[in-house]
Amino acid sequence: MSSTAPGLSEARSFDSLLEGRSIGRFQVLIISVCAVISMVDGFDTQVIALAANGIAQQFGANVADFGPIFGIGLFGGLVGAIVFGLLGDRFGRKPVLLISVAIVAIGSLVTPFTETTTTLLIVRFVTGLGLGGALPGVISLTSEYAPVRRRAATVALMFCGFPLGAVVGGLLSTVLIPAFGWASVFWLGGLVPVILIPVIVFAIPESVRFLSMRSDKRALARVLKRLRLPEEYAPSIQPAPAEERAPLPSLFTQGRAVGTLMLWLILLLSLLMTYFLTNWIPLVATQNGLDARTGILGAVMLNLGSIVGSIVLGRFVRARPTATIVAGYLLGAVAIAAIGQVAHSAPGLLITTFLAGFFAIGAQLCTVGLCATFYSDALRATGVGSAMGVARLGAILGPVIGGVLLAGECRLLSCSSSSRSSRWWPPSRCS
């Protein structure tokens, strides 16, 4: 007689085993590590902007030339997400995640040794590859190890690590950069991934979907044991089907064309605006006569406002999504315009950047949710994926456009005596 308990040999999905159970310690560990990796991404994105002024002075470079340096890291993230995502499907999420985190560590630790903008461009691209490459892994692991009913909320909570990392990076930079120089934030940014590597090796499991596709029953049994599920279920677990993606042209049929194009445009401009502000607020503040710490705090308030705004506006968007998002963007536009008028005032800068993050970036995060509800179940994966892909182009262009605008302003004024007397644009911005 078989010793297998009744029903244990029946084919089942991993999701069915998690359903109805609360999130346990092992799942909390997985989600927390993924959130920390997301924080590293936010930290890195912010500190390059906060360190740019010191780097420019050391290199003898024009701060307006830093647009490509900001943008190249984001472009590396786009390439890394695509390439490492494909590698993760073939070789497993865990090894690819390890390689990605190692690349981030190496890129951050090498940054202080760069001596020219060209080498810095190369290092930023490589670091971006690692940050983008980690993205599919953290999404996959967080999603798989969360119960279906709480999956969307859990992934969203994990992604709060990005703005939180930017806030932490800004606050630490106010202490580290004045005391130890710009290189110190990259030493810290490299140390955290180094610490994460053994944590990933020993504490984080492989994707269950990947293990079940490989029929690795022993590894599945170990995962079930850590989840406090019967190990005997391992042979019966079937791989979850890959999410079907509809053909891209289907997004433009049956009256969806205008909505699809508008969502693409909104998200592209939103991310362009977000990364424009994130990268250039610290530099614009210091070039307008404020001290470096105030410029850093301006970036902190922008990210802090985005966190609070996404929570507050998210409550209203459930009842009136369109009106809430439109109001958020309109009020955000007013706040962003006000930044340029109060950039010489520390209190004014901190207030307006918080409001810009609260309304504009808060509305952006709500728009992602609106994008998901616009499409049917059969089109949702294709619709959301394509919209975020187009939006990523805006994230790359935003920092570059900021550099072009600053360089153009400098050429227009030609660093003339009139610009030197202006309270808005002191001559140091052209150096």
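Here is how the numbers come out for the structure above:
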| item | result |
| --- | --- |
| All positions within the stretch 170-196 that are more than 25 Å from S310 (Cβ to Cβ) and open to solvent by less than 10 Å² (accessible area, probe 1.4 Å) | V185, F186, G190, P193 |
| Test: residue in the stretch 388-398 that is assigned to a helix (DSSP H, G or I), modelled with pLDDT of 85 or more and open to solvent by 40 Å² or more (accessible area, probe 1.4 Å) | yes |
| Scope the stretch 47-62; condition open to solvent by 10 Å² or more (accessible area, probe 1.4 Å) and assigned to a helix (DSSP H, G or I); matching residues | L50, N53, G54, Q57, Q58, F59 |
| Candidates R25, R21, R12, filtered to the one that is modelled with pLDDT of 85 or more and either closer than 11 Å to Y145 by Cα or open to solvent by 20 Å² or more (accessible area, probe 1.4 Å) (or both) | R25 |
| Of all residues making up the stretch 39-57, the number that are farther than 17 Å from V300 by Cα and modelled with pLDDT of 90 or more | 1 |
| Test: residue in the stretch 197-207 that is at pLDDT below 90 and open to solvent by 50 Å² or more (accessible area, probe 1.4 Å) | no |
| Top-ranked residue of the stretch 301-316 - restricted to ones that are open to solvent by 10 Å² or more (accessible area, probe 1.4 Å) and at pLDDT 85 or above, ranked as farthest from A156 (Cα to Cα) | M301 |
| Set S207, S212: member being hydroxyl-bearing (S, T, Y), touching a Pro at 6+ places or on another chain (Cβ under 8 Å) and over 29 Å from P112 (Cβ atoms) | S212 |
| Where V223 falls short, out of the listed (1) of a type in the set (A, V, I, L, M); (2) within 21 Å of the chain's Cα centre (by Cα); (3) within 19 Å of T142 (Cβ to Cβ) | (2) |
| Candidates T382, T373, filtered to the one that is touching a residue at least 24 places away in the same chain (Cβ under 8 Å), closer than 29 Å to V79 by Cβ and out of contact with any Cys (no Cβ under 8 Å at 6 or more places or on another chain) | T382 |
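Conditions tested, residue by residue: (1) more than 28 Å from G295 (Cα to Cα); (2) open to solvent by less than 20 Å² (accessible area, probe 1.4 Å); (3) in contact with a strand residue (DSSP E or B) (Cβ under 8 Å, 6 or more places away or on another chain).
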{"residue": "G128", "(1), (2), (3)": "no, yes, no"}
{"residue": "R149", "(1), (2), (3)": "yes, no, no"}
{"residue": "V155", "(1), (2), (3)": "yes, no, no"}
{"residue": "V168", "(1), (2), (3)": "no, no, no"}
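The values are calculated or read from the model by the stated rules, or taken from the named source; none is laboratory data. Here the structure is a predicted model, which means the values were calculated and not measured. Glycine also receives a Cβ, built like all others from the backbone with ideal geometry; neighbour counts cover every protein chain displayed. Areas reflect the complete protein model, heavy atoms only, side chains present, ligands, DNA and RNA absent. Shrake-Rupley method; radii C 1.70, N 1.55, O 1.52, S 1.80 Å.
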